[in-house]
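**Student:** Sharing a structure here in structure tokens format.
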Amino acid sequence: MSRLKTFTNGFIKENPAFVLLLGLCPLLGVTTSAINGLGMGLATTFVLIMSNIVVSLVKDFIPAKVRIPSFIVIIATFVTLVGLVMEAYVPALYESLGLFIPLIVVNCLVLGRAEAFASKNSTLDSIIDGSGMGLGFTFALTLLGSVREILGSGSFFGMKFIEGDGMLVFVLSPGAFLAMGYLVVLINKINKKTA
Amino acid sequence: MEYVIIIISAIFVNNIVLAKFLGVCPFIGVSNKVETSLGMTGAVTFVMVIATIVTYLIQKYVLEAFGIQFMQTITFIIVIASLVQMVEIILKKVSPSLYQALGIFLPLITTNCAVLGVAILTVQSDYTLMEGVVFAIANAIGFGLALIIFAGLREHMDLMDVPKAMKGVPVALIIAGLLAMAFMGFSGVERGIAQIFGM
């Protein structure tokens, strides 16, 4: 039961993006379309789960003082891995995400979970926490990406359903802040009701 | 002359926070007061310039020399993390008053994606070392400009009557959106300047 709770926590109640406001940079930077959001979310989820696993395995061997640098090295290793794999198999997505792939390293979400959860819990729990938080983040990215794509270019996952252009501002940078602002309002409302 | 274009483009046209979305976390997080924003800007400028120089040299003389560019992410983040630590230690000894002013912001900078982002962008854009330094300074100014304007707006926002659900972060995000829209007015300026100077 509590494991299920660890897993579902990441979706709405403690959604890393909407409620904890972690990882805002990639969230706003790559979500010009739903597919970009989904790709970025899955890449982050992979890094999150893998680094959670490794951190929870080695937590007893790392002296507390060099904890954070060691975590960063572990995370950077998996980020490099994801970058190389994406460049080889989905080059188009890799191109459009660009700079934000190496920047997963400095995503506060990944380091935050390593420090706050994986360094204190068992491997299995860390995997569950990593997948819950990662999928919650993916959900947020895809949602924001969908909103911006639907409003901005009148399509959804690349399928066009209205003729001509949408409200272009939502694809450009101001739209990211505006759409995100209103989504946070919405999530706050929902959380208030269920709480 | 290229320097002028790099500077204008980095500060106004492709503002690091409002157009490139780097360093959004501190932008939203520490922008409650103009004073703290100034401190944060100082710390970021300091680290960003040093980090760009060091990572540039490492990229040119270590990674490229040995053909191990795939180690870029790992190397850069380690360099930046240790640099931040070093700056903190040196500052504590050399200038306690500056350390007092910047102190709390320094550890935060390791996970500020603007620093790593600028370091990677400098390498990707094939800048020379001097251009890289100018690029880093201009981006730091751009970050500071956006942060300070935003902090000023938010100080006034505290006095306003905002709908309950929008208090705090949501309304801050919407203000940031409007600010980004204002900065979009600069787009194309760098081409105009290039034309004036006949380039």
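**Student:** Cβ-Cβ under 9 Å, sequence separation 6+ or interchain: first residue in the range B:63-82 and within 23 Å of A:LYS65 (Cα to Cα), partner of a type in the set (A, V, I, L, M) and exposed (fewer than 13 other Cβ atoms within 10 Å of the Cβ). Which pairs?
**Tutor:** Listed by first residue and then by second, the contacts come to B:THR75/B:VAL62; B:THR75/B:ILE68.
**Student:** Here's something else I'd like to know. Restricting to the range A:90-108, name every residue that is within 10 Å of another protein chain (Cβ to nearest Cβ) and aliphatic (A, V, I, L, M). Even if it seems obvious, please write down each step before you answer.
**Tutor:** The initial filter retains those residues of the range A:90-108 that are within 10 Å of another protein chain (Cβ to nearest Cβ), namely A:98-108.
Those that are within 10 Å of another protein chain (Cβ to nearest Cβ) and aliphatic (A, V, I, L, M): A:LEU99, A:ILE101, A:LEU103, A:ILE104, A:VAL105, A:VAL106.
**Student:** Would you point out the residue of the range B:2-36, among those that are outside any helix (DSSP H, G or I) and small (Gly, Ala, Ser), that is modelled with the lowest pLDDT?
**Tutor:** Residues of the range B:2-36 that are outside any helix (DSSP H, G or I), as a first pass: B:14-23, B:30-33.
Going one step further and asking which of them are small (Gly, Ala, Ser), we end up with B:19, B:23, B:31.
Details: B:ALA19: 85, B:GLY23: 82, B:SER31: 69.
If we take residues in the range B:2-36 being outside any helix (DSSP H, G or I) and small (Gly, Ala, Ser), then B:SER31 is modelled with the lowest pLDDT.
**Student:** For the range A:115-123, indicate whether the set of residues that are closer than 29 Å to B:ALA119 by Cα and among the acidic types (Asp, Glu) is non-empty.
**Tutor:** From the range A:115-123, those closer than 29 Å to B:ALA119 by Cα are A:115-116; that's our starting set.
Add one more test, that the residue is among the acidic types (Asp, Glu), and what stays is A:115.
Taking every residue of the range A:115-123 in turn, at least one turns out to be closer than 29 Å to B:ALA119 by Cα and among the acidic types (Asp, Glu).
Conditions (1) crowded, with 22+ Cβ neighbours inside 10 Å; (2) within 30 Å of B:ILE174 (Cα to Cα); (3) in contact (Cβ under 8 Å) with a residue 24 or more places away in the chain; (4) within 14 Å of chain B (Cβ to nearest Cβ), marked per residue:
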residue	(1), (2), (3), (4)
A:LYS13	no, yes, yes, no
A:GLY29	yes, yes, yes, yes
A:ASP60	no, no, no, no
A:LYS65	no, no, no, yes
A:THR80	no, no, no, yes
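**Student:** Identify the single condition in (1) closer than 26 Å to A:ALA76 by Cβ; (2) more than 14 Å from chain A (Cβ to nearest Cβ); (3) surrounded by 16 or more Cβ atoms within 10 Å (Cβ to Cβ); (4) in contact with a Ser or Thr (Cβ under 9 Å, 6 or more places away or on another chain) that B:ILE80 does not satisfy, given that it satisfies every other one.
**Tutor:** Failed condition: (2).
**Student:** Please count how many residues of the range B:161-171 are within 21 Å of B:ILE148 (Cα to Cα) and more than 8 Å from every other protein chain (Cβ to nearest Cβ).
**Tutor:** Keep residues of the range B:161-171 that are within 21 Å of B:ILE148 (Cα to Cα), which gives B:167-171.
Still in the list and also more than 8 Å from every other protein chain (Cβ to nearest Cβ): B:167-168.
So the count comes out to 2.
**Student:** Next up: Scan the range A:76-121 residue by residue and report those that are of a type in the set (Ser, Thr, Tyr) and over 17 Å from B:LYS20 (Cβ atoms). Can you show your working first?
**Tutor:** Within the range A:76-121, the first condition is being of a type in the set (Ser, Thr, Tyr), and the residues that meet it are A:77, A:80, A:89, A:94, A:96, A:119.
If the condition is that a residue be of a type in the set (Ser, Thr, Tyr) and over 17 Å from B:LYS20 (Cβ atoms), then A:THR77, A:THR80, A:TYR89, A:TYR94, A:SER119 are the ones that fit.
**Student:** Just for the range A:31-58: of the residues that are within 14 Å of chain B (Cβ to nearest Cβ) and not in a helix (DSSP H, G or I), which one is surrounded by the fewest Cβ atoms within 10 Å (Cβ to Cβ)?
**Tutor:** Among those residues, the one meeting the criterion is A:THR32.
**Student:** Further question: Which one of these is acidic (Asp, Glu), out of contact with any Gly (no Cβ under 9 Å at 6 or more places or on another chain), within 14 Å of chain B (Cβ to nearest Cβ) and under 21 Å from B:PHE70 (Cα atoms): A:GLU87, A:GLU115? Even if it seems obvious, please write down each step before you answer.
**Tutor:** Details: A:GLU115 fails: under 21 Å from B:PHE70 (Cα atoms).
It is A:GLU87.
**Student:** Report whether or not A:SER126 is more than 16 Å from the chain's Cα centre (by Cα) and under 10 Å from A:LEU48 (Cα atoms).
**Tutor:** On the way: more than 16 Å from the chain's Cα centre (by Cα): yes; under 10 Å from A:LEU48 (Cα atoms): yes.
Yes: the conditions hold for A:SER126.
**Student:** Another question, then. Return a yes/no flag: does the range A:147-157 have any residue that is touching an Asp or Glu at 6+ places or on another chain (Cβ under 7 Å) and aromatic (Phe, Trp, Tyr).
**Tutor:** Looking through the range A:147-157, at least one residue is touching an Asp or Glu at 6+ places or on another chain (Cβ under 7 Å) and aromatic (Phe, Trp, Tyr).
**Student:** Turning to a different aspect of this structure: Looking for whichever is among the aromatic types (Phe, Trp, Tyr), within 21 Å of B:GLY152 (Cβ to Cβ) and surrounded by fewer than 23 Cβ atoms within 10 Å (Cβ to Cβ) here; the options are B:PHE12, B:PHE27. Which one fits?
**Tutor:** Numbers: B:PHE27 fails: surrounded by fewer than 23 Cβ atoms within 10 Å (Cβ to Cβ).
From the options B:PHE12, B:PHE27, the qualifying one is B:PHE12.
**Student:** On to the next question. Does the range B:158-182 hold any residues that are among the small types (Gly, Ala, Ser) and without any contact (Cβ under 8 Å) to a residue 40 or more places away in the chain, and which are they?
**Tutor:** If we filter the range B:158-182 for residues that are among the small types (Gly, Ala, Ser), which is where we start, we get B:165, B:168, B:172, B:176-177, B:180, B:182.
Correct list: B:ALA165, B:GLY168, B:GLY177, B:ALA182.
**Student:** Among the helices (runs of 4 or more DSSP H) contained in the range A:87-195, which hold 2 or more residues that are touching a residue at least 24 places away in the same chain (Cβ under 8 Å), acidic (Asp, Glu) and crowded, with 19+ Cβ neighbours inside 10 Å? Give the steps one after another, and end with the answer.
**Tutor:** Numbers: elements: A:91-97, A:108-113, A:123-153, A:173-194.
The helices (runs of 4 or more DSSP H) meeting that bar are A:123-153.
**Student:** To continue, here is another question. Determine, yes or no, whether B:MET86 is touching a Phe, Trp or Tyr at 6+ places or on another chain (Cβ under 9 Å) and surrounded by fewer than 18 Cβ atoms within 10 Å (Cβ to Cβ). Give the derivation first.
**Tutor:** On the way: touching a Phe, Trp or Tyr at 6+ places or on another chain (Cβ under 9 Å): no; surrounded by fewer than 18 Cβ atoms within 10 Å (Cβ to Cβ): yes.
No.
**Student:** Quick check: anything in the range A:59-77 assigned to a helix (DSSP H, G or I), of a type in the set (A, V, I, L, M) and under 13 Å from the mean Cα position of the chain (by Cα)? Please lay out each step first, then the result.
**Tutor:** Let us first name the residues in the range A:59-77 that are assigned to a helix (DSSP H, G or I), namely A:64-77.
Still in the list and also of a type in the set (A, V, I, L, M): A:64, A:66, A:68, A:72-76.
Within this subset, residues satisfying the condition of being under 13 Å from the mean Cα position of the chain (by Cα) are none.
Looking for residues that are assigned to a helix (DSSP H, G or I), of a type in the set (A, V, I, L, M) and under 13 Å from the mean Cα position of the chain (by Cα), one finds none in the range A:59-77, hence no.
**Student:** Moving on to the next point. Checking the structure you have, find out if any residue of the range A:179-195 is within 19 Å of the chain's Cα centre (by Cα) and more than 18 Å from A:PRO16 (Cβ to Cβ).
**Tutor:** Yes: the range A:179-195 contains one or more residues that are within 19 Å of the chain's Cα centre (by Cα) and more than 18 Å from A:PRO16 (Cβ to Cβ).
The values are calculated or read from the model by the stated rules, or taken from the named source; none is laboratory data. Since we're looking at a predicted model, the values are computed, not measured. Positions of Cβ are backbone-derived with ideal geometry, glycine not excepted, and every protein chain shown enters the neighbour counts.
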